Structures are given as structure tokens and as C-alpha cells.
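S.K.: One structure, pasted below without further comment.
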Amino acid sequence: MNVNCELTGPDGAPVVVLSNSLGTDLTLWDEQVPALAQEFQVLRYDQRGHGGTPSKPGPYTLKQLGGDVLALLDTLGIRRAHFAGVSLGGMTGMWLAENAPERIDRLTLICTSAELGPATMWRDRAAVVRNKGTQAMVEPSLPRWFTPELAGRADIVEKFGGMLVAADDEGYAGCCEAIADMDLLPKLGEITAPTLVIAGAEDPATPPAHAERIGAAVPGARVKVLSPAAHLANAERPEAVNRLLVDHFTRSA
């Protein structure tokens with residue numbers, strides 16, 4: 001994959017990889033980059049079929065999405081990095097921590113899940129997008145991504161609705177199918193990366209119970225619940241999330 005990415009921050013500093021959610025691109029992290037780039041090199045990238053990364057015919061698997069990250073790190077000569085991901089990005093991070101633990105230093109999982117059924121719902125969504133395009137997902141997605149105070153705000157609709165419309169139909173559908181087939185629960189106990197799990201109290205897509213399930217299974221994991229915050233908590237509560245990220249990634253191992 002020719003993965004679209006952006007590397008920001010001081011040369012030689014530890015690297016933090018930022019992985020976006022389904023339907024968004026690397027600009028999801030606009031509010032995090034300035035805070036993190038003071039102490040880290042920040043590598044944000046687009047998932048397959050999102051932003052500037054092209055798609056391939058689906059379905060995809062988390063192994064493929066995680067493999068895209070490993071190939072990107074290899075290309076850039078990065079042996080080991082911290083990792084933060086929202087939703088699908090968090091799923092990608094868990095796969096990496098389970099299957100390539102030598103590449104992940106510290107891990108932050110934001111508004112995500114280790115198993116998010118039912119699988120039929122995700123396959124049905126993939127079929128809708130292949131038939132009607134990602135435009136069909138704008139109206140149902142924004143109220144899940146943000147609390148009511150933000151979901152209808154003009155700048156939010158323009159930025160985040162625009163990301164969804166710009167996502168490649170096949171790329172979005174293929175990522176839906178990766179979520180449909182995902183079950184990261186059996187190996188959560190094998191994750192050795194120090195892990196922070198962040199949830200949004202008002203998140204209807206991955207409610208706090210999903211974060212608690214991950215936190216209970218990953219040895220030593222910490223769970224933080226933010227309110228008010230829905231599914232894209234890093235965009236809705238950037239200052240709080242930035243504090244948590246900087247604190248977690250600067251802690252001594």
C-alpha cells in the first residue's frame with residue numbers, strides 16, 4: 001500500500017503513531033499534533049481508502065490494516081513507536097500490540113472495542129456503501145460521533161461530513177468487513193505494552209463498557225471515561241485527551 005502519512009516534530013524524538021477511525025482521515029488528529037509534537041515525532045496516516053491512501057478491493061482484515069502500519073514503519077526506518085488509535089485505529093493498535101509487540105512501546109486506545117458485533121450489521125453497512133456511496137453514512141454517523149451540542153454545528157458537519165464523503169466507497173466497505181470479522185478478545189491478556197483506554201461517556205458506538213472490558217483483560221491497563229464525549233472523543237475533548245496522551249507517553253516504562 002502507498003500509505004499517505006505526515007511526520008511532524010523534532011528529529012530524533014520518540015515516535016507516536018496516530019491511527020484514524022472508520023470514515024475519517026488523518027486530520028482527525030489536528031488538535032493533538034501541536035501538543036504531541038513538542039516532545040515527539042508525530043506520525044499520522046490514513047487507513048486504506050481514507051484520505052490520501054488508495055483502496056484495494058475488499059474485504060480487508062485487521063492483519064492487513066496492521067500490516068500497512070508495519071510496512072510504513074519499515075519504510076521510514078522506525079523500529080519502535082508509541083501508538084494511539086480511535087475506533088478502527090484502536091483496533092489496529094490492539095492487533096499490533098498482540099501480533100508485533102516488539103514494535104509498540106506504549107499504547108492508547110480511544111473509543112474502541114476488541115469485538116464489535118453483530119457481524120451482519122457491518123456487512124450490511126458495507127453493502128449499503130458499495131451501492132449508495134459513503135454519502136449515505138453522513139446523516140447516521142455524525143450524531144454518533146459527537147454529542148448533540150456539536151453534531152449539527154456547521155464547522156463540524158463541514159469537516160467531518162466532508163471526510164466521510166471523501167472516503168473511497170470500497171475502502172470504507174472493506175474496513176467495515178475487517179470490523180465484522182474482528183475478535184481481539186482472546187489475546188488481550190498477552191499485550192505487554194503499557195495501555196491507556198479512553199472512553200466517551202456518551203458514545204453510542206463503543207460505550208464505556210467496551211473500554212472496561214479491554215481494561216480488565218490487558219494487564220495493568222488504565223481506563224479513563226470522559227464526559228461529555230461521544231465517539232470521536234479526541235475531537236470533542238481535545239484538551240483532556242491531549243493531557244492524557246502526553247502523560248501516558250512520557251511515563252517511565
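The values are calculated or read from the model by the stated rules, or taken from the named source; none is laboratory data. What you see is a predicted model; the values in this text were computed from it and never measured. Using ideal geometry, Cβ is built from the backbone for each residue, glycine included, and neighbour counts are taken over all protein chains shown. Ligands, DNA and RNA are stripped out before the accessible areas are found, and what is left, the full protein with its side chains, is counted by its heavy atoms. Shrake-Rupley method; radii C 1.70, N 1.55, O 1.52, S 1.80 Å.
S.K.: Cβ contacts < 6 Å: first residue farther than 30 Å from P207 by Cβ, restricted to segment 71-92; second residue in a helix (DSSP H, G or I) and open to solvent by 10 Å² or more (accessible area, probe 1.4 Å), any location; separation 6+ or different chain. Result?
M.R.: R80/R103
S.K.: Of all residues in segment 1-29, how many are in contact (Cβ under 8 Å) with a residue 60 or more places away in the chain and of a type outside the set (A, V, I, L, M)?
M.R.: Within segment 1-29, residues that are in contact (Cβ under 8 Å) with a residue 60 or more places away in the chain and of a type outside the set (A, V, I, L, M) number 10.
S.K.: Ok, one more. Restricting to segment 30-44, name every residue that is surrounded by fewer than 18 Cβ atoms within 10 Å (Cβ to Cβ) and either in contact (Cβ under 8 Å) with a residue 40 or more places away in the chain or not polar (S, T, N, Q) (or both).
M.R.: D30, E31, P34, A35, A37, E39 - these are the residues of segment 30-44 that are surrounded by fewer than 18 Cβ atoms within 10 Å (Cβ to Cβ) and either in contact (Cβ under 8 Å) with a residue 40 or more places away in the chain or not polar (S, T, N, Q) (or both).
S.K.: Follow-up question, since we're still on this one. Take the residues of segment 141-169 that are more than 17 Å from the chain's Cα centre (by Cα) and either at pLDDT below 95 or not in a helix (DSSP H, G or I) (or both): which is farthest from E202 (Cα to Cα)?
M.R.: The residue in question is D168.
S.K.: Name the residues in segment 217-234 that are surrounded by fewer than 22 Cβ atoms within 10 Å (Cβ to Cβ), of a type outside the set (S, T, N, Q) and part of a loop (DSSP other than H, G, I, E, B), would you?
M.R.: P219, G220, A221, P228 - these are the residues of segment 217-234 that are surrounded by fewer than 22 Cβ atoms within 10 Å (Cβ to Cβ), of a type outside the set (S, T, N, Q) and part of a loop (DSSP other than H, G, I, E, B).
S.K.: Let me ask something else about it. List every residue pair whose Cβ atoms lie under 6 Å apart, where the two residues are 6 or more positions apart in sequence or sit on different chains, the first residue falls within segment 56-70 and is open to solvent by 10 Å² or more (accessible area, probe 1.4 Å), and the second residue, located anywhere, is at pLDDT below 95.
M.R.: D68/M1
S.K.: Here's something else I'd like to know. Quick one: which of R125, R103 is out of contact with any helix residue (DSSP H, G or I) (no Cβ under 6 Å at 6 or more places or on another chain) and basic (K, R)?
M.R.: Result of the check over R125, R103: R103.
S.K.: So, in segment 170-192, how many residues would count as being assigned to a helix (DSSP H, G or I) and open to solvent by less than 10 Å² (accessible area, probe 1.4 Å)?
M.R.: Adding up the residues that qualify gives 9.
S.K.: Residues in segment 210-218: is at least one within 17 Å of L22 (Cα to Cα), of a type in the set (G, A, S) and under 16 Å from the mean Cα position of the chain (by Cα)?
M.R.: no
S.K.: If you don't mind, another one. Quick test of your reading of the structure: L73 fulfils all but one of (1) under 20 Å from L188 (Cα atoms); (2) crowded, with 17+ Cβ neighbours inside 10 Å; (3) touching a Lys or Arg at 6+ places or on another chain (Cβ under 7 Å). Name the failing condition by number.
M.R.: Failing condition for L73: (1).
S.K.: Criterion first (open to solvent by less than 40 Å² (accessible area, probe 1.4 Å), β-branched (V, I, T) and part of a loop (DSSP other than H, G, I, E, B)) does T206 satisfy it?
M.R.: It is true that T206 is open to solvent by less than 40 Å² (accessible area, probe 1.4 Å), β-branched (V, I, T) and part of a loop (DSSP other than H, G, I, E, B).
S.K.: Turning to a different aspect of this structure: When both residues are 6+ apart or on different chains and their Cβ atoms are under 7 Å apart, which pairs have a first residue that lies in segment 235-252 and is part of a helix (DSSP H, G or I), and a second that is crowded, with 21+ Cβ neighbours inside 10 Å and charged (D, E, K, R)?
M.R.: H248/R106; F249/R106
S.K.: Considering L88, L150, L107, L164, which residue is open to solvent by less than 10 Å² (accessible area, probe 1.4 Å), under 30 Å from D247 (Cα atoms) and out of contact with any strand residue (DSSP E or B) (no Cβ under 6 Å at 6 or more places or on another chain)?
M.R.: L88
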